[in-house]
1. What distance in nm separates the two pseudo spin-label positions at Ser100 and Ser304, each 7 Å out from Cα along the beta-carbon direction?
2. Return the sequence-ordered ³J(HN,Hα) values of region 290-306 in whole Hz as given by the Karplus equation 6.51 cos²θ - 1.76 cosθ + 1.60 applied to θ = phi - 60°, using x for Gly and Pro.
3. Could you derive backbone 3J(HN,Hα) for region 175-184 from the dihedral phi with the Karplus parameters 6.51, -1.76 and 1.60 (θ = phi - 60°), listing whole Hz in sequence and x where the residue is Gly or Pro?
4. Quick check: at a probe of 1.4 Å, how many percent of the accessible area of region 72-194 sits on carbon and sulfur atoms?
5. Non-local amide H neighbours of Phe79 (under 5 Å, H modeled in plane, Pro and chain starts lacking H): which ones?
6. Placing one identical point scatterer on every Cα of region 233-357 and ignoring solvent, what is log10 I(q)/I(0) from the Debye formula at q = 0.13, 0.16, 0.20, 0.21 Å⁻¹?
7. State, to one decimal in nm, how far the label point of Ser76 lies from the label point of Arg357, with both points 7 Å from Cα in the Cβ direction.
8. Step through the residues of region 252-263 one at a time and calculate ³J(HN,Hα) from phi using the Karplus curve (6.51 cos²θ - 1.76 cosθ + 1.60, θ = phi - 60°), rounding each to whole Hz and writing x for Gly and Pro.
Amino acid sequence: MIMNNKKDTQILLLSLLMTSIVLGGAFWGINYFGIWQFSQNKDSQPSDSQVNQNNSEDKTSGTPKDFFRQVNNVPSGLFNYGGSTTWAPIRQQVDSVIQSVYPNFRLRYTDPINGNAGSGTGIKMLLNGQLAFSQSSRSLKSEEYQEAKNKGFNLKEIPVAIDGIAIAVNPNQKTTGLTISQLQDIYVGKIRNWSEVGGENIPIIPYSRRKEAGGTVDFFIENVMNEQEFGANIEYIDTTTQALRKVADNLGGIYYASAPEVVPQCSIKTLPIGVKTDQLIPPYQSPFVPLSQCPKLRNQLNQSGFQSGEYPLTRRLFVIVKENGEDDEKAGLTYAELMLTNQGQTLIKQSGFIPIR
């Protein structure tokens, strides 16, 4: 019995010794490689931010050192901003990263008290002192410049991204494309049946947001309608979501909206458009992805066509700044500057729009 106890004790001691060696080696390895990784990350971080490193790398294809380092003297404080609904994907993608890098540069999106959000209402709120800066999907109008001067300051528009207007129709619509002239005739009420533009004998039901809604409607009226009034056949809706549902449910429906909002959708399709019938350019990357494969595969924007201007309905997105020498001006200029950094342009691309640089 004694001999067996000694043998058992020796085996137990040997097992404990081997376990200690293994655990010690693992602990050393974890510490060694953990410290190495931390030192590598620390060296690659921007000098003013060690926070949210993983968040930054998940949101962009760049490295942490690209984190808006070109921008200095970012102001502190709470700044109200608002405007274009087209900007919603950018606000979601870019603004959250800005907040993580510069937590003291606090941005608060502000809806209008009366009416719907849009470029026009955002600029109006800026003129009335309700916003520090605004976001717009159209250029400033001469009357807006004049109103600012009457109030003792100037307005400045800073382009930061490129967008396009896409035309949405029912996925079973047989029309293969439209010219700008045909699109105009549809919305003034001259063309009322799809058979007039290569489709079936079905009445056309054009949907639109109201003129006062925002920059997308303003752009459409100026560049497609040539400043003509909408026809009596127009059905007005409040939001793009509502309009796309109507188009998906109605073979005769047609609607226009910002391309990133429309092109990837699974319930509608977008049409190629052009100045001439033999020069129709799609807003999506060819070939068209059948909607039966959506959402596993989605159509992507025709970025080269938008950047080159080959796609005819392209526009720029602007940050509108109030030049009054106060903190609001600094906030607007800083926001635009952040958008124009390499990091900002990468995030804009990831949000579905075309970088301007």
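The values are calculated or read from the model by the stated rules, or taken from the named source; none is laboratory data. These numbers were taken from a predicted model, which means no experiment stands behind them. Virtual Cβ from ideal backbone geometry, glycine too; neighbours counted across all protein chains shown. Accessible surface is based on the protein model in full, side chains and every heavy atom, while ligands, DNA and RNA are left aside. Shrake-Rupley method; radii C 1.70, N 1.55, O 1.52, S 1.80 Å.
1. About 3.3 nm, to one decimal.
2. x, 5, 5, 8, 8, x, 4, 10, 10, 5, 10, 5, 7, 4, 5, x, 6
3. 4, 8, x, 9, 8, 4, 5, 5, 4, 4
4. 44 percent
5. Arg106, Leu107, Arg108
6. Scattering profile of region 233-357, log10 relative to I(0): -0.69, -0.94, -1.19, -1.25.
7. Label-label distance for Ser76 and Arg357, simple model: 2.7 nm.
8. Those phi angles translate into x, x, 8, 8, 10, 6, 4, 4, x, 7, 10, 4 Hz.
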